[in-house]
Every structure is written in structure tokens, then in C-alpha cells.
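What follows is a set of notes on a single structure, which appears directly below.
The values are calculated or read from the model by the stated rules, or taken from the named source; none is laboratory data. Here the structure is a predicted model, which means the values were calculated and not measured. Surface areas here come from the heavy atoms of the whole protein model, side chains and all, with no ligands, DNA or RNA. Shrake-Rupley method; radii C 1.70, N 1.55, O 1.52, S 1.80 Å.
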Amino acid sequence: MPQPSTPPPPGLISEQDVEQEIQRLFLAQAGSGLVIRVYGEEGGTAENIEAFREMLTSLRMYDYGSAAGDVLVDAPNRQILTRALSVLAREQHQKRILDHVLTTFGRHLIDPLALILDTTPEGTIISRLSMLRDVFLAQIVELKLTQESQSMLSEDLKRLLTDDYLAMVAEHEERVQRPRVRRLAQQILRLVGSTFHKALRGWPEHAERIASMVSRRMQGKVELREVPTLIRDQICHAIEEFLWVETANEIEGALGSLFSESHGVMNEPPRELDRSLYREFAHACWDIIAEYC
């Protein structure tokens, strides 16, 4: 009869953990020193609405058949791109970005820590250790040694792996090591959240710089049907580069320190940051721009 499958253990970082981290970043207590600046109005000024409408019209005017490829239009200028990128300065959008970042980095950096924890409930560690002792004793029998050698090995193993000794190891794992793993997971979550939040707080001035860079790359006339893809690719590339430069080195350096302080918890160094994750973040930013422009 097939044995019922054991449900997977809960992750070290839950959706609630991510939500709490975002609340910590945006809803700091008075006197904490955290300053939040929200640029632009919720409904948008008439000037912003007109700029967004102009850019959106450019993005949507491409499905005209093969003849559309012959139509040349001016690429969006710096002012239009700046206003579009400034959407990401709004608090509600930055929360969406941070939710995506924290959840993604949770899978990349924190989930591997869960492998350290037993897939069975903590209370069964002692039983698993006892089973391990039994396996060792059975392996001694499988060696087919002479009776005297077999007895010598078995008795020495029993004297070493006593019930009291196994109970001490299990208690150390449950009371000391596992809380250290959970604490490290929380520290990583806070590190990632704080670093990205700091980068996003300076977004308005970075938005103008990125818009100028993208505008220079797209100067002149472009084919109408290529405008949506061209703008998306240029903006995503620029945002990816911005986030990578502003956060990657700081996170990797701090992770190295965290794992050094947690020596004895991890057998391997932390994973290197994956640049493709930043590409994913940039596309998430673009989705917000496209949705609200």
C-alpha cells in the first residue's frame, strides 16, 4: 500500500514576513529617521495626464499591418519619458516593486537555508538520530567480520552514541542551531528590503537621468510599429542597470558578513546574485509604468 505523502514544510519566509518588512520600510515609527517622499498626485495633474496620454498613444499605434513599418515618428522626448518613469516614485508602486523583490530574493537566498532544517517535525530529530545509530550497527553486521571484531565495533559505537548523547545533540539542534537559521533568514530579508528601499527613495532624480539616457539612445525618427518594443527594451535595460549598480555590491558585501558571523550554520557560502533577477525586477517596473501611463 502506498504511503501517504508528507506535505512540504513551510518556508522560512512567508508572505506575512514580506508584508511586515514592507510595512517596516514604509510605516516607520516617528523619530526613526526614515523619510518618505511621494512625488506627483494620485490622480495626476493635467500636464502629467497629457504627457502620459501622448506616450500611451505612441505605444498603442503599431497594429496597422505591414504599411505601418513605413511610418516614421519622433521618439518620445526626455520630458515624456521622465514623467512616465516618475510613476515609480509613488509609494504604492514602490510597495509593489519591493513585494516582488523580497519574494524573489526569498526564493533565491533564503529558501536554500531551509535545506538545513529537517523535513520532519523538530520533535522527531531524536528518533532520526536513533535510526541512524541502528543503520550504523546494521552496516557493521553487513561487513561480515569475525564475531570478535564485529562485537568490538558494535560495543564501541553503542558506548559513543548513547541515548543521552543523541538527546543532547537533538536538543542542541532544536534550541540553538535552528533559531540561528531562522534569525539569519530574517536578517537577509531585512538587508534586501532596506537596500532596495534606499535605492527607490532616490528614484525621482534617477528617473530624470534614466530618461535623458534613453532619450539620447532613441534620438531621431523611428518606425511607428517599433516604438512600443523599443521604448520597453530601452527602459527595462536602464532600470535593470540602475538597480544592479545601486544594490548588488552592497547586498553581496553585507551577505558575506552575515554568513561569516553565522559560521557553523552554513556549509557553503551564500549564492551569488543572479543578474537575470534584476531583469525580472525591471520588467515588473515596466508593467507598472505601462499600467499607469
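Which of rounded, prolate, oblate describes the range 187-280, given a ≥ b ≥ c as roots of the alpha-carbon gyration tensor eigenvalues and a/c under 1.5 marking rounded, otherwise prolate only if a/b is larger than b/c? Let's see the in-between values first.
On the way: a/c = 4.16, a/b = 2.52, b/c = 1.65.
Taking the square roots of the gyration eigenvalues as a ≥ b ≥ c, the range 187-280 is prolate.
Note down the accessible area of SER260, probe 1.4 Å, to the nearest 10 Å².
Taking all protein chains as shown, SER260 has close to 90 Å².
Excluding residues on the same chain fewer than 8 positions from LYS158, give the lysines whose Cα lies under 26 Å from its Cα.
Of all the lysines, those that pass the test against LYS158 - Cα under 26 Å, at least 8 places apart if same chain - are LYS144.
Can you tell me how the range 90-241 classifies by the Cα gyration tensor, rounded, prolate or oblate, using a/c under 1.5 as the rounded cut? List each step's numbers first, then the result.
Numbers: a/c = 5.73, a/b = 3.11, b/c = 1.84.
Cα axes put the range 90-241 in the prolate bin.
Roughly how many Å² of ILE125 are accessible to a 1.4 Å probe, to the nearest 10?
Roughly 20 Å² of ILE125 is accessible to a 1.4 Å probe.
Rank these residues by their accessible area, most exposed first, probe 1.4 Å: LEU145, LEU129.
Ranked list, largest accessible area first: LEU145, LEU129.
Each residue of the range 159-167 in order: what ³J(HN,Hα) in whole Hz does its phi give by Karplus 6.51 cos²θ - 1.76 cosθ + 1.60, θ = phi - 60°, with x for Gly and Pro?
Values, residue by residue: 5, 7, 9, 6, 4, 5, 5, 5, 5 Hz.
Would you check the accessible area of LYS158, probe 1.4 Å, heavy atoms only, in square angstrom rounded to 10?
Roll a 1.4 Å probe over it and LYS158 shows about 100 Å².
Under a straight-distance cross-link criterion of Cα-Cα below 18 Å, which lysines are reachable from LYS198, leaving out those fewer than 8 residues away in the same chain?
Within reach: LYS95.
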